[in-house]
Amino acid sequence: MAVNIIDVNTVFGLWPRRPVDISIDSLLGLMKRHGVSRACSVSARGIFYDATMGNDETHSVSARHPEILPAATLNFAAYLGWEDEMRLRLDQGFRVFRFFPSVQEWSICGKAFRRFVDEISDYPSTLLVVPAAEGMLNIADILGGVPNPVIITSFRYTHLSEAIEAMLAHTNLYVETHQINSPDFLHVLADHVGLDRVIYGSNAPLSYMGSALLPILNSEITEAQKQAVLGGNLEHLLEANAQ
Amino acid sequence: MKLIDVHVYYGRWGFPIKPAEVDYILDVMRRSGIEKAIMMSALALSYDMAGGNLELSQAIWGHDSLYGYVYVNGNYPEESIAQIDRYLRNPKFVGVKYHPELCTVRPNTPQCEPIWGLLETEYRKPVLIHTWSAAEHNNETPSALPEMVADVAGRHPGLKVIMGHMGGPGWGRCLDIAAGFSNIWVDFCSSYADSDKIRAAVDKLGPDRVLFGSGMTENNMWMQIGAVLEAELGEGERERVMYQNAADVFGI
């Protein structure tokens, strides 16, 4: 049975902090090489420079490449106009919002983000993707229990215990896989929260896509569980979106 | 695909993970094509140097594919030398491991000098030193910066020094520093699978000074295999990184 792989964590554009090719062509090439059917992606322009310009770029790229699922971003340090930007992207059909607080020097604990959470709660089918560096406790306190699914990215096994506790407390919290990196993390998550709460992501092209895929493909979970982690769970959330 | 893994742990960890015994390690090696693994004791790294080295020697005994590092602790230089003398005459032990962040003693402090001198002049076996670009484990100041390790390599040109983890997230700076020393090698295992780091390592150090390390059993073996297979390497370069360089450095 061919596995339908959907990557929740990719980026495209330029990366000013390392000389690495993260062009859209590079991302599409990796997807083809690894059999990834769709990838949720965000423009790095929106991370480093201007959210609106980056979201325009993401919108344009996803229109040209249907395999790219567009993720919008908002910068709460830049602040001005974020409400209009949010509504514009919702109107355009963006159903994933990603955040990069440490790069942009703000925190999800701030007032502006909390107001965003209040507003996005009116759009409960929108997925929110947040980095674990904001703190599991903060994520649980601020985003736990909102109607939106929240996917926590980019944490190592050292934070797995807190991730499990946060997920046990709040059923809307999910985890993305690429950096967890302990040999049996899938088994531990299966035992404690269930693999329906685990979503494959790679951070490609910044990170090796194969480094994120092989630990799942070679794990000793069932084929059905692999399918769920590699794409089924995210597809289910996105289908719920569409409805 | 043949592999020698120069960075394998034996023991237990303080995060959610099931204990991994030797049978598990051998099974993963068989499934992933790893021919030989060089292991270090997690017990020795985190708590009991002598007890951990002894436990490791018993674990690898009788397994042709498993080798060991003797762990040394900079807080106990005399005892460390005794550990070296006890184990490095045993052909199953092919090098020394040092973790400055866990013992909080920088490798380039005077108390470590006798250890490096002994390795350089008498045993002539490599040392794998953990490197990281910032303080870890809630330490206030860093003890495992690449320049500290390079300082050791500079004062002991006959000593083969491996920078474990290639500096972690700060691998670019690590490579810049390592490039100036012909007796420094790197292994690239970490949880940061930056997609340009293996190619950059080969470009800066040459294809002979980059080693495959997985970080198993703390880390997922497949993460590093995925990295080295995806890295933009020629087949000759890949074979050197995955196998031959380790065979040459450790004589196994």
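No value in this document is a laboratory result; all are computed from the given coordinates. Quantities reported herein were computed from a predicted structural model and do not represent experimental measurements. All Cβ positions, even for glycine, are placed from backbone atoms using ideal geometry, and neighbour counts span all protein chains on display.
Look at the alpha carbon pairs under 8 Å that are at least 6 residues apart: their mean separation over the length of chain B gives a relative contact order of 18 percent.
Build a GNM of chain B with springs between Cα atoms under 10 Å apart, and of B:P91, B:P16, B:P107 the one that fluctuates most is B:P16. Taking amide H as placed 1.01 Å from N in the peptide plane, the amide H of A:L206 sits under 5 Å from that of A:V11, each at least 5 places away or on another chain. The slack in the chain from A:H170 to A:S60, taken as 0.36 nm per residue of separation less the alpha-carbon distance, amounts to 36.1 nm. Computed from phi, the 3J(HN,Hα) profile of the stretch A:7-20 under the Karplus parametrisation 6.51, -1.76, 1.60 (θ = phi - 60°) reads 9, 7, 9, 9, 9, 9, x, 10, 10, x, 9, 7, x, 10 Hz, with x in place of Gly and Pro. Each part gets one Cα centre, and for the stretch B:6-64 versus the stretch A:166-195 those centres are 25 Å apart. For a modelled paramagnetic label at B:R173, 7 Å from Cα along Cα-to-Cβ, the residues of the stretch B:114-134 in reach, with backbone nitrogen under 14 Å, are B:131-134.
With a ≥ b ≥ c the root eigenvalues of the C-alpha gyration tensor of chain B, is it rounded (a/c under 1.5), prolate (a/b larger than b/c) or oblate? Taking the square roots of the gyration eigenvalues as a ≥ b ≥ c, chain B is rounded. Along its principal axes, the protein assembly as shown has C-alpha extents of 72, 42, 42 angstrom, given from the largest down.
Look at the alpha carbon pairs under 8 Å that are at least 6 residues apart: their mean separation over the length of the stretch B:1-59 gives a relative contact order of 40 percent.
Averaged over the residues of A:155-161, the number of partner chain Cβ atoms lying within 10 Å of the residue Cβ comes to 4. Summarising the strand pairing of the protein assembly as shown, around 5 percent of its internal DSSP beta bridges are antiparallel. In this structure the amide hydrogen of A:I151, modeled in the peptide plane, comes within under 5 Å of the amide hydrogens of A:L128, A:V129, A:V130, A:Y174, none closer than 5 places in sequence on its chain.
Sorted largest first, the principal axis extents computed over the alpha-carbon atoms of the stretch A:162-243 equal 32, 28, 25 Å. Summary value for chain A: 20 percent relative contact order, contacts being C-alpha pairs under 8 angstrom separated by 6+ residues. Here the Karplus curve 6.51 cos²θ - 1.76 cosθ + 1.60, taken at θ = phi - 60°, turns the phi angles of the stretch B:156-161 into couplings of 10, x, x, 9, 7, 10 Hz, with x standing for Gly and Pro. Each principal axis of the Cα atoms in the stretch B:12-71 has its own extent, and those three values, largest first, are 31, 27, 13 angstrom.
Listed by Cβ neighbour count within 10 Å, with the fewest neighbours leading, B:I81, A:I164, A:I199, A:I108 appear as B:I81, A:I164, A:I108, A:I199. Legend: ranking of residues B:M29, A:M53, B:M40 from fewest to most surrounding C-beta atoms inside 10 Å; resulting order A:M53, B:M29, B:M40.
Antiparallel beta bridges, as assigned by DSSP with both residues in the stretch B:10-145, represent about 10 percent of the total such bridges. Taken along the Cα-to-beta-carbon direction at a fixed 7 Å, the label points for A:L217 and A:D118 span 4.7 nm.
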